[in-house]
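**Q** Mind having a look at this structure? Questions to follow.
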Number of protein chains: 2
Amino acid sequence: MIVSALLTSVGINLGLCILFFTLYSILRKQPGNVNVYAPRLVAEGKFQHNSHFHLERLLPSPGWVRRAWMPSEEELLSSSGLDAVVLMRIFVFSLRVFSFAGIVGIFILLPVNYVGNQLDFSDLPNKSLDIFSISNVNNGSKRLWIHFCSAYVFTGVVCYLLYYEYKYISMKRLAYFYSSKPQPHQFTILVRGIPRSAGNSFSGIVESFFMEYHPATYLSHLVVRRTNKVQGLIKDAKLLYNRLIHMKSKNSTQQKFMRDGFLGLFGRKVDPVDHYEKKLEDLEENVRIEQLGLSVSGEEVPAAFVSFKSRYGAAIAFHIQQSTNPTKWVTEPAPEPNDVYWHFFSTSFIKRWISKLVVIVACILLTILFLIPVVFVQGLTHLDQLETFMPFLKGILTIAFVSQVITGYLPSLILQLFLKIVSPIMKIFSSMQGYISHSQIEISACKKVLWFTIWNIFFANVLSGSALYQINIFLEPKNIPGKLAIAVPSQASFFIAYVVTSGWTSLSSELFRVIPLIWDFIRRHCSGSYADEFEVPSIPYHREIPRILFFGLLGITYFLLAPLILPFLLVYYCLGYIIYRNQLLNVYAPKFETGGKFWPIVHNSTIFSLILMQAIAIGIFGLKKLPLASSLTIPLLVLTLLFNEYCRKRFLPVFIAYSAESLIKKDKEDKNDPSMDEFLDKLVTAYRDPAMMPIQYSTNSDGHTSPLLTPAEV
Amino acid sequence: MIVSALLTSVGINLGLCILFFTLYSILRKQPGNVNVYAPRLVAEGKFQHNSHFHLERLLPSPGWVRRAWMPSEEELLSSSGLDAVVLMRIFVFSLRVFSFAGIVGIFILLPVNYVGNQLDFSDLPNKSLDIFSISNVNNGSKRLWIHFCSAYVFTGVVCYLLYYEYKYISMKRLAYFYSSKPQPHQFTILVRGIPRSAGNSFSGIVESFFMEYHPATYLSHLVVRRTNKVQGLIKDAKLLYNRLIHMKSKNSTQQKFMRDGFLGLFGRKVDPVDHYEKKLEDLEENVRIEQLGLSVSGEEVPAAFVSFKSRYGAAIAFHIQQSTNPTKWVTEPAPEPNDVYWHFFSTSFIKRWISKLVVIVACILLTILFLIPVVFVQGLTHLDQLETFMPFLKGILTIAFVSQVITGYLPSLILQLFLKIVSPIMKIFSSMQGYISHSQIEISACKKVLWFTIWNIFFANVLSGSALYQINIFLEPKNIPGKLAIAVPSQASFFIAYVVTSGWTSLSSELFRVIPLIWDFIRRHCSGSYADEFEVPSIPYHREIPRILFFGLLGITYFLLAPLILPFLLVYYCLGYIIYRNQLLNVYAPKFETGGKFWPIVHNSTIFSLILMQAIAIGIFGLKKLPLASSLTIPLLVLTLLFNEYCRKRFLPVFIAYSAESLIKKDKEDKNDPSMDEFLDKLVTAYRDPAMMPIQYSTNSDGHTSPLLTPAEV
């Protein structure tokens, strides 16, 4: 890529960003868009509706930036939880890393690269970007030792920042735990693999087991039941209820009759409101009958939520293998009650193990299958091939504009669309693995999407060969540095453009919320949908975190090779910091709280980026005829791995479980709390399946419609 | 190797074995050798001294075989512990595996190999052994499918047996635990990384921590102190005491005087007994003063043995991370009191981690350095090279006998001697890793010796190239099967000879106990050593188990390639079964009890052998132009790995810690036991450093000499 092309691309994207930001600052002030741009504030009742028209509403203003910047980390923590803070810490950490890298890269490495003359160019505007990359340094030049020293210093700084951040977030996690109110999931474990015993129900078996082995701390239990049928009925009832509400709101303006027969076309005329109300009552009656049947003789799953009188009691039952057979009475900490994923409650030890294996195979298959669109996209850039396959297109393809669109925009559009599909697919895979909470599924999907992105964007682009060839490189570990050293620098300009186009654009579309905006527009103006029925979205960590981390990987990998990427990354992270803060405060509401469990993913990804950078450095120094530097980089790689190992031992346990010290401290605090008795009473029913909750939509009994009870409210 | 050479080797070794067995059955009946051949019986007082001479004493008899065969597994368990049973189960398991392999190999694979004509031979006696190996099967022959099926069936049978054995031994382990009396180590944990706090002793910190967080179950603690100086003094006192006893026993026959000055040559004449008694008293006084000093102001190590009132209480403290900082208050189960390794009590988390890394590097270095003797030995087999380096040897080397000895026996002798050094070195390495018990050190050393043996005997011989070349093969995993398929079959005859020479000979020398026999002879007849001072040896698991497992690896690997190895292995395992039983009953006394923790090593080693066999099969089928069979073997490899993964989940936890169920059951049983109070009283002092025990050798106080108190007797 030549410099002018990069500048053009930067110009266009900068223009687009400014346009989006301007539009955003206008649109967000329109009362009609409040459900798109501030659903959280609406739900919390913090939004003042101001329907009066005034001119200011049509002028762009940067006030939202200030409002997003203002709140302190403590305020963010209290409003959006620790996971949101962790998300913002990724930006803070990346800004620190790339500020340092940017200074070193732009003021030291870039000039060194520029004064080399390994590559041959004539005049600046047509010069390739490669003049700023390590490829331009002369072979065997002593100047490469500057790169060598930068690699050491940069690794040192990143490791220090990683250590600092890990420590900071583990402290935050502990502080969050200490300051938390008693919560059901702290007192509860999930037991799976309850052994069958003739003549006894699972409930009886669980009761007698825990009364026998945990008599002092055992409080209660709830055996999980298969409730798919009731879940379906309740869903129908809810839909019907929403429809009814919608009808009633319209009722005042117009009165309509319908027939009660087939498709509403035959039968006698009835008032539709009465008709649906009758139907809803019937449905509710059905639900009640089903629930009654379930609670008496429903199909029990060999899994149960077991609650204890103290956090420490639950921790003991979770940490110590309960049965002599490690595949029976398998315990794990319970998720928050509203975080439980009730739909796919696979329980048997073997079944979960097998489904895990199946998911691994499926992920590998998906990764391989994803090469098909990649190959197809690569085909699009060669229009002549397309013409020979589909001669009828010849006429259209000769039009300059069409061919530009097809070669220039279509490939990346198709790729981005396919990438968009990946994160939901990975989430489905994770949910099939037998996780029992939405948060665990998100964490697992986050890892999967991250590795998929690294593999299919970074490696597939860098190696750009057939799938088999790409796997081959990892079957010959000795050759990895050499092969990467040839392939990676040549893709530098592609990834600089990627940061500008994909990175900046994804940020502005995140802010602008294009799809929800269009969706909301359609709902309000075209369909007869129900305006009141809107849900506050939660931030899809499994989609956002891998994207942010992938740019970090690009920055760390290209720090040595092509430091020109760094300023663009800094812009990305600065914008991202403001935009995600704004979205967390206005748009997304937290649905669950993992207590910062996403951080280890960030840490591992950064370590992987460092290792990749060092492996490429080993290869580059070898290629550049400086074998001593190449060998001397190996200790750096070993030291980085040792540092990672140390962090695993020092910090990772904090993110897995709380220590006896903290649990007992919390328990002791609670002892003097008079509200604990009430809490323990509530705890007994906290983990009731929402499908087993009494529902009451219809107005026949007490005259007013009560909303669906969610477990969080119990 | 040709058939006749193999027969000669078998003949010679068979003769040697019979000679050793005959000598053994005569020598063991001589009363003078009782300390060599039945030290355990002597120590237990079960041996009837019968000094009367009768002719039967000079005749070989097979009675010992019957006596070794007779005891049931339960009797062995009660006399030698579970570890001895596990050792014998290796033989039982191997006999089962190789009986099946032998039947398939000799009656199906061997004839198939023999009727092939890929290799060209003229008459049988000069025929190479390769005629019985897979190399003789024609390329692309359909008969190779028989080998393919054998690989599947054999893997299935071995996996079934592995599963059965793992289950059997984990049941035995649980039964052993249920039937055990209360033992100190079940109630105790070791805490390391006690945080320093100004103004408080470690003892006070431990006390307050456990009183705070485990008030219901905490019993007592003992902080570890540095006692190297006292340990030295006690050792001196013990030596002096033994010398004194020896002198007194001689005193009755002869009276000698010595001078009390320099080297006993100057100064005034004294009775040596009085002189040494005086010296011993002084030493004991010194020890007492030192001990007093230590217990008041001795250097405390930030580690302590903490005892609890119940097994479950100890397990809770061990399983749950105690401190919010995972590198502080690190807990692990305590070893048996007499199993504690007091000498190298490294305690800091970081120190232990670094020493572990250092040990790993040292092991790798040792493995590489070991190639030096291997290369030297390979040089010996080329005498002409030796002559050019050392021309003065020319005259000697031309003598046929000398050259035969040098080329034939010396190389393997040197190798065996070097191998003998490896197991003690590995033990030293393991003890440097910061393990706190002899049993953990033995287990760790066992693993190290096993991998060292597999690498340096199997791979170094098979690949027989430079060290660098050998590592290279593992940097290109794709090529491993192909390279092994070429290299491994060509070494078949070498390993058949290895089983016969090294395997059979090691067994007979184990039975004959050459070195202890010579040592005992020297002690009794030449030196003025003290006959009463003999220790019952314990079986060096870290030396024996790797050797036995290595023959299993050879058998499994060569089952497909050269089934001729199997009958010789069967003989090895049959002899081994009898001989090790005999030695366990008569010679070795158990020093510690790991409760069968050696079995997972056996399991992993067998799985590794299977994987190796399958990888070679993949390569062989490829070489033999049967690519379909080659590809169809890959699922077998994957299935074997999955089987291993399942076993890890199902059985390994049983070998790591006991479950809540079993611990609480045992605790409940004890509640009604009236002797528990007494046991708990004793528990408080069970983990006192032996260097802090009062010693009393001299006769001045109570008139009789009391032996050294060992912690086991407290």
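FYI, it's all coordinate maths here, none of it is from the lab. The shown structure was predicted, so the numbers you read here are calculated from the model rather than taken from an experiment. Here the Cβ positions follow ideal geometry from the backbone for every residue, glycine too, while neighbour counts run over all protein chains shown.
**Q** Extending each Cα 7 Å along its Cβ direction at B:MET211 and B:SER197, get the distance between those two points in nm, one decimal.
**A** With each label placed 7 Å out from Cα toward Cβ, I get 1.1 nm.
**Q** Determine, for B:ILE634, A:ILE454, A:ILE436, the number of other Cβ atoms within 10 Å of each Cβ, and report the residues in order from fewest to most.
**A** B:ILE634, A:ILE454, A:ILE436
**Q** Now, a different point. Taking R0 as 35 Å, what's the FRET efficiency between A:ILE428 and A:ASP236 from their Cβ-Cβ distance, rounded to 0.05?
**A** 0.90
**Q** Net charge near A:SER659, counting Lys/Arg +1 and Asp/Glu -1 over other residues with Cβ under 10 Å of its Cβ?
**A** +1
**Q** Is there a quick way to get the dipole size of segment B:570-709? I mean about its Cα centre, with the Cβ of Lys and Arg at +1 and of Asp and Glu at -1; what is the value in debye to the nearest 20?
**A** 1040 debye
**Q** Shortest first and in nm with one decimal, please list how far the A:LYS46 label point sits from its counterparts in the other copies (point 7 Å along Cα→Cβ).
**A** For A:LYS46, the inter-copy label distances come out at 8.0 nm.
**Q** Another one. Per residue of A:661-667, what is the mean number of Cβ atoms on other protein chains within 10 angstrom of that residue's Cβ?
**A** 4
**Q** Continuing with the same structure: List the residues whose amide H sits under 5 Å from the amide H of B:VAL301, counting only those 5 or more places along or on another chain, with H placed 1.01 Å from N in the peptide plane.
**A** For B:VAL301, whose amide H was placed from the backbone, the distant partners under 5 Å are B:VAL224, B:ARG225, B:ARG226.
**Q** What is the fewest-to-most order of A:ILE556, B:ILE18 by other Cβ atoms lying within 10 Å of their Cβ?
**A** Least to most surrounded, the residues fall as B:ILE18, A:ILE556.
**Q** What is the average number of partner chain Cβ atoms found within 10 Å of a Cβ in B:317-323?
**A** 6
**Q** Once the label point is set 7 Å along the Cα-to-beta-carbon vector, what list of distances in nm do you get between A:ILE522 and its counterparts in the other copies?
**A** So the distances to the same position in the other copies read 9.3 nm.
**Q** Residue separation times 0.36 nm, minus the C-alpha to C-alpha distance between B:CYS149 and B:GLU332: what's the value?
**A** Taking 0.36 nm per residue and subtracting the Cα distance, the gain is 61.2 nm.
**Q** Here's something else I'd like to know. 7 Å from Cα along Cα→Cβ at both B:ARG523 and A:GLN30: what's the point-to-point distance in nm?
**A** Going from the B:ARG523 label point to the A:GLN30 one covers 9.9 nm.
**Q** Which entries of A:LYS649/B:LYS328; A:LYS229/A:LYS351; A:LYS248/A:LYS278 show an alpha-carbon separation above 19 angstrom in the structure shown?
**A** A:LYS229/A:LYS351
**Q** To make sure I understand, if each residue's beta carbon is the centre and we count other beta carbons within 10 Å, what order do B:ARG688, A:ARG173, B:ARG196 fall in, fewest to most?
**A** So the residues, fewest neighbours to most, are B:ARG196, B:ARG688, A:ARG173.
**Q** Can you spot the lysines whose alpha carbon is less than 17 Å from A:LYS142's alpha carbon? Ignore those fewer than 8 places along the same chain.
**A** A:LYS624, A:LYS625
**Q** Moving on. How far apart, in nm, are the 7 Å Cα→Cβ label points at A:GLU645 and A:LEU371?
**A** 3.4 nm
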